[in-house]
Amino acid sequence: MTKFSDLALDPRVLQAIAEAGYETPTPIQAQAIPHALQGRDVLGIAQTGTGKTASFTLPMITLLGQGRARARMPRSLVLAPTRELAAQVAENFDIYAKHTKLTKALLIGGVSFGEQDKLIDRGVDVLIATPGRLLDHFERGKLLLTGVQIMVVDEADRMLDMGFIPDIERIFQLTPFTRQTLFFSATMAPEIERITNTFLSNPAKIEVARQSTTSATIEQKLIQFQPTRKDRSFTEKRAVLRALIRAEGESCTNAIIFCNRKMDVDVVAKSLKSHGFNAAPIHGDLDQSQRMRTLDGFRDGSLHLLVASDVAARGLDIPAVSHVFNFDVPSHPEDYVHRIGRTGRAGRLGKAFTIAVPSDEKYLSAIESLVKQQIPRGELPEGLDLAGEGSDRPREERGGRSGGRDRDRDRSRGRGNRDERPAPREARAEVAAPAAAAEAPVEAEVVAAAPVRREERPRREDDRPRREEERPRRDEDRRDRRDDRRSRDRDDRSGPPVVGMGDHVPDFILRSFKIAGPSAQDEGEDALAANGTEG
């Protein structure tokens, strides 16, 4: 059996491997490391959890043992699709290169540019980065890639499939043509493999296991159920998830729960916490510091359930994950392989549960076609009542269906207990009595103003002649009242009456002028000019 000592690695690297507790390389390591040490391009395909990170980290450290880094010109470059995977590669480098003088820099988003610039300015041997942040530093003039000797693309299919193809092509154009290129991934679709051929030169293709296979150490179960109503599917899936976790009991030491959408990650995590589970979310919209704290808590055991999007499905090495729950069936079949590969790592046993509804049938068919096997079917946990368990509040807090709504309605109206219920009808009548008494005088006046009380009116036939006789009298009274209003309006006017232009002659027209001599004539003209007229 091959050992690490047989792979021509640097003695300092072998010492670090021994101190880490490793003696025998995995199949992908045993086959890829010799080709990498010879300087050949490598295309490595292996199941997730088989040690692909060490397959390029160990030969890289050995090859970079001679030489010295220059400022802003890294000697090797490792590209990763996510911040978490890049940080994990950096941790592996620290473990295996601790007896060497090689330096590294980690360029990921969510971290200050200033600290990263200081590392680059001092010069680094290994630069580990995500494509976006790497190009940001290059465009700011802080980085040169002309000194890259070794370039690694980790999770190559995901890098190319996530829309990184333009960034990857640009980065390759910035690196020397003579570089050594290593591609590693757990899956490699044929169309993605054709793209890698443009970046690799006569690569050594290593496929230690059939492409897209799942590990035999993982027990898989598919839990299918029919929601009671279409609009309750999401709610009842959460109930199924909680029932599965409870059914596993103490054997579920920790677990990763995968959702397809970031917003569902937050909802599921909040639901689990409201039911007493120790859960936290992780996805791409969270701050990098919060994501790292969550991962650290999951690694050290202080966090029991990690609810994640596919940002945590690729390459994260958390060895002791006992369970994986697919809350959603992944829309890309390759993601299923990566998700369940978070458990059953390094020879350990693991369990993977997938919750599915009838609308997931096409995704299940694609997954089973990819892995070339049918996922074993499982049953819903015993005693699970979807209608009763479909709420995010614990059962003791929910009570009856209608009772819970009544309590919420009472609480919104300010009635929190039985003593604050509305008074009976008789009591309300007594309370309303003073208000009715206050309005009584007004009603009495209205009744008194009526000409005849309803009970004392004669019969309808006798009223008809009287109405006809009184109609002219009412019309005459109406005219008199109208004339009175007009006269009062005239009396109320203040000041002299308004006269029209026909009754009023302007004063200057009535004035007379006498013309006596030149001086008098001049005065008359001046007077006429002052009054705006001509003689």
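The values are calculated or read from the model by the stated rules, or taken from the named source; none is laboratory data. Remember, it's a predicted structure, so these values are computed and weren't measured experimentally. Positions of Cβ are generated from backbone atoms using ideal geometry, with glycine treated the same way; all protein chains shown enter the neighbour counts.
Observations on the structure shown:
- Annotation: of all residues in the stretch 165-188 being surrounded by fewer than 21 Cβ atoms within 10 Å (Cβ to Cβ) and part of a loop (DSSP other than H, G, I, E, B), the one that is farthest from the chain's Cα centre (by Cα) is Thr178.
- Taken as a whole, the condition of being assigned by TED's automatic domain parsing to the domain that holds Leu102, over 22 Å from Val337 (Cα atoms) and polar (S, T, N, Q) does not apply to Gln47.
- Some residue of the stretch 273-291 being hydroxyl-bearing (Ser, Thr, Tyr) and either without any contact (Cβ under 8 Å) to a residue 60 or more places away in the chain or surrounded by 18 or more Cβ atoms within 10 Å (Cβ to Cβ) (or both): no
- Residue within the stretch 114-125 that is surrounded by fewer than 17 Cβ atoms within 10 Å (Cβ to Cβ), part of a loop (DSSP other than H, G, I, E, B) and free of Cβ contacts under 8 Å to residues at least 24 places away in the same chain present: no
- With a requirement of 2 or more residues that are hydrophobic (A, V, I, L, M, F, W, C) and under 30 Å from Arg133 (Cβ atoms), the helices (runs of 4 or more DSSP H) lying completely within the stretch 270-378 that satisfy it span 288-300, 333-340.
- Selection within the stretch 126-157 - farther than 18 Å from Gln88 by Cβ, in a loop (DSSP other than H, G, I, E, B) and either in contact with a helix residue (DSSP H, G or I) (Cβ under 9 Å, 6 or more places away or on another chain) or not assigned by TED's automatic domain parsing to the domain that holds Gln47 (or both): Arg140, Lys142, Leu143, Leu144, Leu145, Thr146, Val148, Gln149
- Inside the stretch 84-106, residues that are in contact with a Ser or Thr (Cβ under 8 Å, 6 or more places away or on another chain), closer than 16 Å to Leu295 by Cα and surrounded by 22 or more Cβ atoms within 10 Å (Cβ to Cβ) make up a count of 2.
- Selection over the stretch 216-227 of residues that are in a loop (DSSP other than H, G, I, E, B) and within 12 Å of Tyr336 (Cα to Cα) gives a count of 0.
- Boolean, Ala105 is among the aliphatic types (A, V, I, L, M), assigned to a helix (DSSP H, G or I) and not assigned by TED's automatic domain parsing to the domain that holds Asp335: no
- Test result for Ala204, over 22 Å from the mean Cα position of the chain (by Cα), closer than 20 Å to Thr354 by Cβ and surrounded by fewer than 20 Cβ atoms within 10 Å (Cβ to Cβ): no
- Those residues of the stretch 215-261 which are closer than 30 Å to Gly51 by Cα, surrounded by fewer than 17 Cβ atoms within 10 Å (Cβ to Cβ) and either polar (S, T, N, Q) or within 26 Å of the chain's Cα centre (by Cα) (or both), in sequence order: Thr217, Ser251, Thr253, Arg261
- Total residues in the stretch 346-369, condition basic (Lys, Arg) and surrounded by fewer than 18 Cβ atoms within 10 Å (Cβ to Cβ): 2
- Qualifying residue in the stretch 88-98 (condition: within 21 Å of Ser55 (Cα to Cα), among the aromatic types (Phe, Trp, Tyr) and touching a residue at least 24 places away in the same chain (Cβ under 8 Å)): yes
- Residue check, Arg70 assigned by TED's automatic domain parsing to the domain that holds Asp136, within 24 Å of Phe172 (Cβ to Cβ) and either surrounded by fewer than 18 Cβ atoms within 10 Å (Cβ to Cβ) or hydroxyl-bearing (Ser, Thr, Tyr) (or both): yes
- Filtered residues of the stretch 254-269 (kept if part of a loop (DSSP other than H, G, I, E, B) and over 17 Å from Leu303 (Cα atoms)): Cys259, Asn260, Arg261
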